[in-house]
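Accompanying notes for the structure given below.
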Amino acid sequence: MLQCQNMDYKEYFKGKKVTVMGLGLLGRGLGVIKFLADCGADLIVTDLKTKEELVSSLKQLSRYENIKYILGEHRLEDFRNRDLIIRAPNAPLDSIYLAEAHKNGVPVEMDASLFCKLTPTGLVTIGITGTRGKSTVTQLLAEILKTAGLTVHMGGNIKGVATLPLLKKVKANHVVVMELDSWQCQGFGESKISPNIAVFTTFMNDHMNYYQGDMDRYFADKANIYRFQKEDDILILGSQVASLVKKNDGQKLKQQIITPKISSVASWKLKMPGEHNLYNVLLAMTAAQALGVKDSVIKKVAQNFPGLPYRLELVGEAGGVKYINDTNATSPDGLYAALEAFEKYKGKIILLAGGTDAGLDLDNYYKKVSKYVKGLILFKGTATDKILTQLPQRQNFSTVVASSMKEAFIQVEELVKKGDLVLLSPGAKSFGVFKNEYDRGDQFNVAVKKIK
């Protein structure tokens, strides 16, 4: 399998002039900056958020003297005459600051791909990407490998976890499992490197506000997860995306390609609801098999796996009503999958949805939703505005707009009856009413816990 370049990471970073673009509040930027500061790098940390907005992160960096902060703005001068730029994951495609770095010959890297360049020979890297399913496949696969006795580290798009600091822990016989979003895959493309084992779950319409409606550009970023693999690497494709990969890159690919069949796990009894979760289990199973894990171990772990927080998570039951938190369904496809997962509640679902538009296709929204719901509670936002224009004057369900979770639950109380299911599956971004999707999910959980 492809092994990344061996290098003493401390020596690599010691004394280097590094600009880190993005501190943020979720912990990944913070972890990278601490790691680099400990290695003795000469750091500039720049973020569009202000000092006041970043106070919780800045407090944790107060002991370091080798960090200069440029906050509330980026400056072109901080992207010239540097040894390295570590860029924010969602920096705009046309960022003038990254263009300035490239113009001046300054290398631009991202956390996860730079990690892969510096790992020891013998380490196995596994990357999982896809519009839907990547988080579940990542967490389940890691659990399977740990149960099988392997030493496993997790990185990539894991909340609060920076990948680069894993260099302090990894050894030649370890495995690193990384969830990779399209932005992180973009970094792999810039570095011309791919994980040893790549899993591509699904490809659907998403992030079109970032990609300006260009699905080809979105796919091109995702495809970096496999485009630089070698002959002894492995690419595992979900059936939904397999034909697209082969159409775009089929003639160029040299690695082993596996597209497993759902029949392998169709009879398994999972705790996670929905056909799409069988699909996720199948992909995790195939990756584990590639590392020699026994099927009996895989099946036992998969059937006991409870699923992830914020993804079809049962957070409570009161008065014969179930409350499901699926706040991470930030696209219409995610919402539709959630509704299909609760087929037996058709006509008894009170759906909390809507929010901020991300340039996604909402044309079939009413057609899909009307099959399942008895009540639709939409959070204020640009996506909700688009949804409301679709709804016919006469509907078979009630629709209201809420400006807070508290207001939404007042509406829930008016609609709900024994035997119903209350489902938070927004199918839209959270910004405006909420800080982010986790804030939205946490507020839902708090509201459920207050129900007697």
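The values are calculated or read from the model by the stated rules, or taken from the named source; none is laboratory data. Bear in mind the structure is a predicted one, so any value in this text is a computation, not a measurement. All Cβ positions, even for glycine, are placed from backbone atoms using ideal geometry, and neighbour counts span all protein chains on display. These accessible areas exclude ligands, DNA and RNA; they are computed on the full protein's heavy atoms, side chains included. Shrake-Rupley method; radii C 1.70, N 1.55, O 1.52, S 1.80 Å.
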Next item on the list: Identify the single condition in (1) in contact with a Lys or Arg (Cβ under 7 Å, 6 or more places away or on another chain); (2) closer than 21 Å to G292 by Cβ; (3) open to solvent by less than 20 Å² (accessible area, probe 1.4 Å) that Y211 does not satisfy, given that it satisfies every other one.
Entry: (2)
Note to self: Contact list please: Cβ distance under 9 Å, first residue in segment 346-374 and closer than 24 Å to A447 by Cβ, second residue open to solvent by 40 Å² or more (accessible area, probe 1.4 Å) and among the hydroxyl-bearing types (S, T, Y), pairs at least six apart or on different chains.
What the structure shows: G355/T382; T356/T382; K374/S398
Notebook entry, point to check: If you go through segment 309-329 one residue at a time, do you hit one that is assigned to a helix (DSSP H, G or I) and at pLDDT below 95?
Noted result: no
Note to self: Among the residues of segment 84-98, are any farther than 23 Å from N157 by Cβ, surrounded by 13 or more Cβ atoms within 10 Å (Cβ to Cβ) and touching a Leu at 6+ places or on another chain (Cβ under 8 Å)?
What the structure shows: no
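Checking the condition surrounded by 22 or more Cβ atoms within 10 Å (Cβ to Cβ) and of a type in the set (A, V, I, L, M, F, W, C), which residue from I144, I158 passes?
Numbers: I158 fails: surrounded by 22 or more Cβ atoms within 10 Å (Cβ to Cβ).
Answer to the selection: I144.
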Check: Mind checking which pairs have a first residue in segment 130-153 that is without any contact (Cβ under 8 Å) to a residue 40 or more places away in the chain and more than 15 Å from I225 (Cβ to Cβ) and a second that is part of a helix (DSSP H, G or I) and open to solvent by 10 Å² or more (accessible area, probe 1.4 Å), Cβ under 6 Å, 6 or more apart or different chains?
Finding: V152/K146; H153/L166
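So, K17, is that one in contact with a strand residue (DSSP E or B) (Cβ under 6 Å, 6 or more places away or on another chain), touching a residue at least 60 places away in the same chain (Cβ under 8 Å) and either at positive phi or surrounded by fewer than 19 Cβ atoms within 10 Å (Cβ to Cβ) (or both) or not?
Details: in contact with a strand residue (DSSP E or B) (Cβ under 6 Å, 6 or more places away or on another chain): yes; touching a residue at least 60 places away in the same chain (Cβ under 8 Å): yes; either at positive phi or surrounded by fewer than 19 Cβ atoms within 10 Å (Cβ to Cβ) (or both): yes.
The answer is yes for K17.
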Note to self: Based on this model, can you work out whether F444 counts as buried (at least 21 other Cβ atoms within 10 Å of the Cβ), touching a strand residue (DSSP E or B) at 6+ places or on another chain (Cβ under 6 Å) and either among the aliphatic types (A, V, I, L, M) or in a helix (DSSP H, G or I) (or both)?
What the structure shows: yes
Margin query: Six or more apart or on different chains, Cβ atoms under 8 Å: show the pairs whose first residue is in segment 208-231 and on the phi > 0 side of the Ramachandran plot and whose second is not in a helix (DSSP H, G or I).
Written below: Q212/L93; Q212/G359; G213/G359
Next item on the list: Return the total of residues in segment 236-278 being open to solvent by less than 20 Å² (accessible area, probe 1.4 Å) and in contact with a strand residue (DSSP E or B) (Cβ under 8 Å, 6 or more places away or on another chain).
Entry: 6
Next item on the list: Give the residues of segment 54-99 that are of a type in the set (V, I, T) and in contact (Cβ under 8 Å) with a residue 60 or more places away in the chain, sorted by residue number.
Entry: I85, I86
Item checked: Considering residues of segment 25-75 that are loosely packed, with under 13 Cβ neighbours inside 10 Å and of a type in the set (D, E) only, the residue farthest from A88 (Cα to Cα) -> E65
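Look at segment 417-432 and say how many of its residues are open to solvent by less than 70 Å² (accessible area, probe 1.4 Å) and either of a type in the set (G, A, S) or modelled with pLDDT under 95 (or both). Walk me through how you get there before you give the answer.
Taking segment 417-432 first, the residues open to solvent by less than 70 Å² (accessible area, probe 1.4 Å) are 419-430.
Now drop any that are not either of a type in the set (G, A, S) or modelled with pLDDT under 95 (or both), which leaves 419, 425, 427-430.
Number of matching residues: 6.
Report, by residue number, each residue of segment 381-391 that is within 22 Å of Y210 (Cβ to Cβ) and either free of Cβ contacts under 8 Å to residues at least 12 places away in the same chain or of a type in the set (D, E, K, R) (or both). Talk me through it step by step, then tell me what you get.
Taking segment 381-391 and keeping what is within 22 Å of Y210 (Cβ to Cβ), we get 381-387.
Scanning segment 381-391 gives D385, K386.
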Note to self: If I ask for residues that are buried (at least 18 other Cβ atoms within 10 Å of the Cβ) and more than 20 Å from M21 (Cβ to Cβ), which ones from segment 175-192 would you list?
What the structure shows: V175, V176, V177, M178, E179
Note to self: Being surrounded by fewer than 23 Cβ atoms within 10 Å (Cβ to Cβ) and either of a type in the set (F, W, Y) or assigned to a loop (DSSP other than H, G, I, E, B) (or both) narrows it down to one residue among A220, A172; which is it?
What the structure shows: A172
Check: Given the structure, is I258 aliphatic (A, V, I, L, M) and in contact with a Gly (Cβ under 9 Å, 6 or more places away or on another chain)?
Finding: no
Next item on the list: Name the single residue, out of those in segment 338-382 being within 17 Å of K429 (Cβ to Cβ) and assigned to a helix (DSSP H, G or I), that is most open to solvent (accessible area, probe 1.4 Å).
Entry: T382
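What are the residues in segment 376-426 that are at positive phi and over 25 Å from the mean Cα position of the chain (by Cα), if any? Spell out the reasoning first.
In the first step, residues of segment 376-426 are kept if they are at positive phi; the result is 381, 419.
Residue satisfying the conditions is G419 alone.
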